[in-house]
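The values are calculated or read from the model by the stated rules, or taken from the named source; none is laboratory data. In this text the structure is predicted, and so the values were computed from the model without any measurement. Cβ: placed from backbone, ideal geometry, glycine included. Neighbour counts: every protein chain shown. Calculation scope for accessible area: heavy atoms of the full protein, side chains included, ligands and nucleic acids excluded. Shrake-Rupley method; radii C 1.70, N 1.55, O 1.52, S 1.80 Å.
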Amino acid sequence: MKGIFISIEGPEGAGKTTVIEDLKNYMLRSSADCLFTREPGGIAISEQIRDIILNTKNTSMDGRTEALLYAASRRQHLVEKVLPALNNGRIVICDRFIDSSLAYQGYARGLGIEEVMSINQFAIEGNMPDLTIYLDIEPEIGLARIAMNKSREINRLDLEKLEFHKKVRDGYKTLQNKYNKRIKEVDASKTREEVFQDVLKVFKETLNAKGIII
Ligand code: TMP
């Protein structure tokens, strides 16, 4: 892996989309070559898997099936899109990666962080992000933001109760403690500009450490 791999994580309504939009605009002014992509999806096969996972009709989906489908989608996206870009020396910014599975399926669904990690290791073969930016928000605030954003699609996981979303956040906090070198937390309850500046700070630190000045 010659490039730099960065994932952006957070519970529903943390503002990942907004941060990514701001980062895209910022990177337009930079000479560094950056690829923006998202999970679950980003390429045809993975988008199809995404449709199955997030379809609000699939209420009977078993938790392990869900975890395996996310891992399958991740695998295809990784080999078809992320790794080729990294091998070409690009910066890859991915909206969600393995930590979403660890927080949502491993912790909130109760499948176990280590169990979900092990099926994901099969899928990713050790290709972990160099940096993960975790946007932290209280679930009550996050869900209220979603309710106000009428243009956003409502998916099967959005329909989960507040308790589930609280566990997702606890899951992320657990991961942040465990992998504190890789996962950097940003307080997403601040203003758009403040959040972006905090994100930019950790983003630049990682790039600078690899000799890239933006
Ligand atoms: P999105 O809100 O970023 O579009 O993600 C879609 C949903 O999928 C969101 O509710 C989080 C969930 N998700 C998981 O539960 N596990 C995963 O591994 C990923 C990538 C997403």
For the chain, accessible area per residue (1.4 Å probe, heavy atoms of protein chains only), Å²: 48
Estimated vicinal HN-Hα couplings, Hz - region 28-38 in sequence order (Karplus 6.51, -1.76, 1.60; Gly, Pro = x): 4, 8, 9, 7, 5, 8, 10, 10, 9, 8, 9
For region 4-210, with all protein chains present and a 1.4 Å probe, just round the carbon and sulfur fraction of the accessible area to a whole percent. 51
Distance from a point 7 Å along Cα→Cβ of residue 140 to each backbone N in region 147-176: keep the residues under 18 Å and list them by number. 147-148, 161-170
Where the centroid of each part is defined by its Cα atoms, how far is region 169-214 from region 57-133 in Å? 19
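Rounded to the nearest 20 Debye, what is the dipole magnitude of the chain about its Cα centre when Lys and Arg each give +1 and Asp and Glu each give -1 at the C-beta? Let's see the in-between values first.
On the way: 32 positive and 31 negative charges, 62 e Å.
Computed about the Cα centre, the dipole is about 300 debye.
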